[in-house]
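Contents: one structure, followed by commentary.
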Amino acid sequence: MDPPPRRLAAPLLLLLLVAAASPAARAWKKDEFRNCNQTPFCKRARTRAPHSLDAPLSLAAGSLAISPDGSISAELSHPSRPRPLVLRLSALPPHALRLQIDEDYSTATPPHRRFQVPDVLLPDLEARTLHLPEPKTAAGVSTVALSSDLDVVVKHDPFELTVRRAGSGDPVLSFNSHGLFDFEPLQVSKPEEETWEEHFRSHTDKRPRGPQSITFDVSFYGADFVYGLPEHGSTSLALRPTRGPGVEESEPYRLFNLDVFEYLHESPFGLYGSIPFMIGHGARASSGFFWLNAAEMQIDVLAPGWDGATTLETGRIDTLWMAEAGVIDAFFFVGSEPKDVVKQYISVTGTPAMPQQFATAYHQCRWNYRDEADVDGVDAGFDEHDIPYDVLWLDIEHTDGKRYFTWDHSAFPNPEEMQRKIAGKGRKMVTIVDPHIKRDNSFHLHQEATEKGYYVKDADGNDYDGWCWPGSSSYPDMLNPEIREWWADKFSYENYKGSTPTLYIWNDMNEPSVFNGPEVTMPRDVIHYGDVEHRELHNAYGYYFHMATADGLLKRGEGKDRPFVLSRAFFAGSQRYGAVWTGDNSADWDHLKSSIPMVLTLGLTGLPFSGADVGGFFGNPEPDLLVRWYQVGAFYPFFRGHAHHDTKRREPWLFGERRTAIIREAIHVRYSLLPYFYTLFREASVTGIPVMRPLWLEFPDDKETYNNGEAFMVGPSLLAQGIYEEGQKSVSVYLPGKESWYDLRNGSPYKGSMSHKLQVLEDSIPSFQRGGTIVPRKDRFRRSSTQMVNDPYTLVIALNSSNAAEGELYVDDGKSYDYQHGAFIHRRFVFADNKLTSLNIAPDNLGKKKFTSECVIERIIILGLRSGAKKAIIEPGNQEVEIESGPVSLRSGSSPAAPTIRRPNVRIADDWTIRIA
């Protein structure tokens with residue numbers, strides 16, 4: 001936003017800013033944000049042709065050497081450079097190569113050390129680094145074995161790096177194969193000279209350290225498509241080419257965390273978060289590239305022929321990576337399948353946090369529930385209409401004048417009692433806490449931050465003053481560990497008056513959003529802890545804020561209570577601290593459709609706990625759109641309804657009896673599948689494999705799945721296809737794999753490896769269970785997931801062509817960290833030879849703590865069973881039970897039936913076998 005004239009009186013100034021923040025004024029405006037041509041480092045890099053650099057970097061003769069830690073080091077230089085660069089190569093098991101390049105600080109004193117992003121990579125990374133063998137060098141090329149089947153080839157002059165398969169010599173990934181690697185050296189600005197400056201609209205960026213950008217090309221071999229680089233809006237799961245022959249969209253994918261209102265559903269424009277991680281996949285290879293750098297990035301996906309080549313090489317995708325500042329700290333991942341690549345990325349940035357059980361259920365939010373009576377009414381409405389929910393949220397209006405950690409006592413005079421009433425039904429509450437602190441001398445938080453010098457500084461060394469919801473605001477310098485610790489302390493019950501153990505936190509606006517700043521964010525020449533310019537860490541600011549908030553809830557619970565913190569901004573590693581969502585979307589069909597590739601991409605890049613605002617944040621969804629969004633949202637990992645304060649109320653029961661029943665059914669589907677979702681979150685917390693997955697992650701050899709962004713997998717067992725058009729009568733659903741799929745509604749079988757044209761039903765979206773899987777459910781509906789804890793389970797067995805199936809169930813106390821010490825149940829169910837077996841797969845001797853459950857299995861539904869068996873025998877005990885015909889689901893209209901073992905009442909914690917007689 002353009003800042004209003006500073007001479008205006010404060011009340012008038014605030015009024016204008018609030019008006020500018022209204023939905024009509026804050027819709028996305030293209031000219032408020034920079035494009036590549038307005039971004040000098042991007043414009044410079046994009047004008048270069050392959051191999052056209054005047055000063056290509058080369059390995060200095062004789063500099064390649066093995067270091068004591070087992071890595072390989074070398075010098076990169078050119079006669080025109082003021083200082084050489086230092087290169088380091090290291091390897092991580094099983095198939096990861098790390099490339100680090102920075103300026104040499106030993107040969108000359110630079111004006112400033114380049115920023116290397118701390119606290120993102122796991123602290124044990126160096127300890128896991130492998131010792132590389134001595135390079136084999138001949139004719140200006142060095143070869144280093146990374147593993148038994150991979151090596152890296154380093155060309156000396158000009159520098160080029162290729163990861164290839166050792167046996168065949170086939171390349172998998174390459175760096176600088178097109179000669180576009182450029183590393184601008186830091187400059188010294190003399191006092192008598194003008195500093196380097198850049199201008200955008202009314203803002204001036206002083207740039208005292210000069211241009212310092214980094215550019216290079218990376219090629220993915222054997223890839224049909226590339227994926228990743230959240231966050232941007234798109235209905236395409238694969239990243240579309242941004243440059244080259246036949247490309248209409250000329251902007252690169254931008255990674256620059258921004259507060260973008262009503263963002264475009266089709267654009268490479270950067271949104272709220274940034275993860276510089278790309279995955280290449282094809283029938284022949286899966287690979288990944290991650291660049292740890294928090295400065296603004298622009299990335300081109302280059303169409304074949306972009307370099308002027310007339311003979312186009314197939315099976316290779318070229319990309320161009322451009323960053324404003326930072327260093328090169330990059331990782332090359334190679335896998336036999338795409339899940340291997342995801343796991344390797346997670347092994348570097350950390351496994352996702354295991355959420356509490358309640359957080360995986362349905363959340364109800366609005367900007368804003370007005371007061372305690374409104375909260376009571378909404379809570380009672382869910383009970384009255386028999387709709388379960390677990391969390392009620394309060395937005396910024398619950399505070400005293402946008403002062404976070406406070407309450408508006410006229411609207412919320414008894415916050416603790418309000419929370420206790422909600423908690424009495426097994427429910428929780430969430431309040432919002434944003435990073436902007438109101439500059440009010442009577443506000444204790446502002447007083448303390450000012451006295452301690454805890455705010456980010458402007459270019460002149462003063463506390464930075466920007467405008468956000470409270471008006472004049474300052475921002476804690478979250479790069480500083482001391483300040484993060486101070487912030488974490490604010491969540492104690494003593495400091496956050498009116499909070500209780502069932503209150504959790506929502507971090508919004510943490511890109512950071514600054515209404516009168518350049519591109520609605522903080523100026524790039526603002527200074528952080530350690531004399532770091534904001535341009536160097538911008539994309540990680542929200543990450544550190546999220547980290548500090550999660551640590552605060554952890555401290556509040558004395559390390560026993562798993563935090564729940566939702567964040568809008570994110571960076572690599574954010575998965576360790578909680579959930580994210582896709583931001584301020586709109587109530588239209590295109591945004592519903594684009595939510596699928598957006599959530600899938602977040603999962604692929606390490607953030608499995610994500611979702612989109614059901615119904616759209618801005619605007620009033622037509623009732624049929626809202627219904628379809630609930631039906632899709634029931635499969636999001638993070639399932640929340642949310643709306644802007646200027647929209648009409650849209651609680652699920654406000655759209656007529658029929659639509660209320662359909663929304664209720666969609667939410668019931670989610671609650672019945674909570675055991676399955678929780679088991680998937682456990683898998684994600686161990687391996688990083690996402691909860692909601694693109695089809696190709698489960699079917700990596702099936703090319704029909706590679707760019708399918710309309711259907712998706714939930715775990716390995718379920719497939720769903722959204723309805724994304726108003727009044728749609730039929731839909732074509734592609735079901736991959738050789739095995740049959742069974743309709744979740746009625747158990748009807750469908751053949752795999754083909755598309756099926758299906759009639760669109762009003763009360764559900766197409767959803768299927770994969771043959772060969774077993775899915776645990778809970779089919780008794782309560783007010784909240786907490787009240788379902790002791791309810792019995794249903795197992796749905798979908799048999800494959802071999803009359804077999806497998807599945808898992810993970811259970812713990814749903815809230816503490818005792819599971820880390822062995823307090824959980826983890827079972828594998830195997831159906832083979834007409835026999836269902838429950839096996840314990842929890843490792844022995846994990847710890848001293850134990851967890852047990854008296855829960856039993858009350859129904860076993862078997863889809864695809866060919867025999868007409870009427871009895872089953874349970875061992876141990878030789879107990880005989882009847883096999884009857886029962887409904888596949890509890891949905892209304894579910895008339896087809898399947899063989900069902902009723903009331904076997906075997907405990908989930910025990911070993912047992914059920915044999916069909």
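Just so it is clear, none of the values below were taken in a lab; they were calculated from the coordinates. Predicted model only: the values in this text are computed from it and were never measured. Note: ideal-geometry Cβ built from the backbone for every residue, glycine included; neighbour counts use all protein chains shown.
How high is the FRET efficiency between residue 309 and residue 149 when r is their beta carbon distance and R₀ equals 25 Å, given to the nearest 0.05?
Plugging the Cβ-Cβ distance into 1/(1 + (r/R0)^6) gives 0.25.
From the helices alone, meaning DSSP H stretches of at least four residues, give me the mean residue ellipticity at 222 nm for the chain, per-run term -39500 (n - 2.57), in deg cm²/dmol to the nearest 500.
Computed mean residue ellipticity for the chain: -5000 deg cm²/dmol.
Which distance in nm do the two modelled labels at residue 686 and residue 251 give, with both placed 7 Å along the Cα-to-Cβ direction?
4.3
For residue 703, which lysines qualify as cross-link partners when the Cα separation must be under 19 Å and same-chain residues fewer than eight apart are set aside?
Hits, sequence-local ones excluded: 339, 738, 751.
Identify all lysines with a Cα-Cα distance to residue 490 below 30 Å; exclude those on the same chain that are fewer than 8 residues away in sequence.
Within the straight-line limit of under 30 Å, residue 490 reaches these lysines: 402, 421, 425, 428, 438, 452, 457, 555, 560, 815.
With the crude spin-label approximation of a point 7 Å out along Cα→Cβ, what separation in nm comes out for residue 417 versus residue 441?
About 3.7 nm separates the two model spin labels.
Could you bin all the Cα-Cα distances of the range 391-463 into 5 Å bins starting at 0 and give me the percent of pairs in each, rounded to whole numbers?
Histogram of Cα-Cα distances, whole percents per bin: 3, 14, 20, 19, 15, 10, 9, 5, 3, 1, 0.
Calculate, axis by axis, the spread of Cα positions in the chain along the three principal axes, and write the results as whole Å, longest axis first.
90, 72, 57
State the extension gain, in nm to one decimal, for the chain segment bounded by residue 555 and residue 646, taking 0.36 nm per residue of separation less the distance between their alpha-carbons.
Once the chain is fully extended between residue 555 and residue 646, it gains 29.1 nm.
Amide H neighbours of residue 160 under 5 Å, at least 5 residues apart or on other chains, H built in the peptide plane: list them.
Residues meeting the criterion, in which the H sits 1.01 Å from N, are 155.
Using θ = phi - 60° and the Karplus curve 6.51 cos²θ - 1.76 cosθ + 1.60, what whole-Hz ³J(HN,Hα) does each residue of the range 850-855 get, with Gly and Pro shown as x?
Each residue's phi maps through the Karplus curve to give 10, 9, 9, 8, 8, 4 Hz.
Loop-only check: which trypsin sites (Lys or Arg not before Pro) in the range 99-192 are DSSP coil with at most 15 other Cβ within 10 angstrom?
Those that pass, being in a loop and sparsely packed, are 113.
Using only the alpha-carbon atoms, what does the range 603-755 span along each of its principal axes? Please give whole angstrom values in decreasing order.
Result for the range 603-755: principal-axis Cα extents of 47, 37, 27 Å.
Using modelled amide H (1.01 Å from N, peptide plane; none on Pro or chain starts), what sits under 5 Å from the amide H of residue 577, excluding residues fewer than 5 places away?
Under 5 Å from the amide H of residue 577: 353.
Which whole-number value in Å³ per residue fits the convex hull of the alpha carbons of the range 504-654?
So the per-residue hull volume is 139 Å³.
Can you list which of the trypsin sites (Lys or Arg not before Pro) found in the range 550-640 are DSSP loop residues with at most 16 other C-beta atoms within 10 Å?
Loop-located and lightly packed - 560.
Determine, from the Cβ-Cβ distance of residue 787 and residue 701 and an R0 of 41 Å, the FRET efficiency 1/(1 + (r/R0)^6), rounded to the nearest 0.05.
Taking R0 as 41 Å, the efficiency between residue 787 and residue 701 is 0.40.
Roughly how far apart, in whole Å, are the Cα centres of the range 523-601 and the range 642-676?
The range 523-601 and the range 642-676 have Cα centres separated by 26 Å.
What share of the DSSP beta bridges in the range 357-674 is antiparallel, in percent to the nearest 5?
35
Checking a compactness column here: for the range 357-674, what do you get for Rg(Cα) / (2.2 N^0.38 Å), N being the number of residues?
My calculation over the Cα atoms of the range 357-674 gives 0.99.
Which ³J(HN,Hα) values in Hz, rounded to whole numbers, follow from the phi angles of the range 638-652 under the Karplus curve 6.51 cos²θ - 1.76 cosθ + 1.60, where θ = phi - 60° and Gly and Pro get x?
So the Karplus estimates, Gly and Pro as x, are 10, 10, 9, x, 8, 7, 6, 5, 8, 8, 5, 4, 9, 4, x Hz.
Pop a pseudo-label 7 angstrom from the Cα along the beta-carbon direction at both residue 43 and residue 884 and give the gap in nm to one decimal.
A separation of 7.6 nm, rounded to one decimal place.
Mark the label point 7 Å from the Cα of residue 184 along Cα→Cβ and return the residues of the range 39-57 whose backbone N is within less than 18 Å of it.
Within reach of a label on residue 184: 39-49, 52-57.
Straight-line reach from residue 870: which lysines have Cα under 23 Å away, leaving out those fewer than 8 places along the same chain?
835
Could you work out how much longer the chain between residue 122 and residue 337 gets when fully extended? Use 0.36 nm per residue separation minus the Cα distance between them, nm to one decimal.
Going from the current span to full extension adds 75.0 nm.
Report the gain in length on full extension from residue 105 to residue 385: 0.36 nm times residue separation, minus Cα-Cα distance, nm rounded to one decimal.
Stretched fully, the residue 105-residue 385 segment lengthens by 94.1 nm.
Convex hull volume of the Cα atoms in the range 780-917, per residue, in Å³?
119
Taking the Cα atoms of the range 825-892, report the difference between the largest and smallest coordinate on each principal axis, in whole Å and largest first.
Between the extreme Cα coordinates on each principal axis of the range 825-892 lie 46, 33, 20 Å.
I'd like the GluC sites (Glu not before Pro) in the range 816-917 restricted to DSSP loop residues with at most 14 other Cβ atoms within 10 Å, sorted by number.
Taking the range 816-917 and a limit of 14 other Cβ atoms within 10 Å, the loop GluC sites (Glu not before Pro) found are 854.
Under 4.7 Å Cβ to Cβ, no partner at all: give me those cysteines from the chain, in residue order.
Isolated Cys, the chain: 365, 468, 855.
Determine ³J(HN,Hα), in whole Hz, for all residues of the range 223-231 in sequence, where each value follows from phi through the Karplus function 6.51 cos²θ - 1.76 cosθ + 1.60 and θ = phi - 60°; x replaces Gly and Pro.
9, 8, 9, 10, 9, x, 6, x, 9
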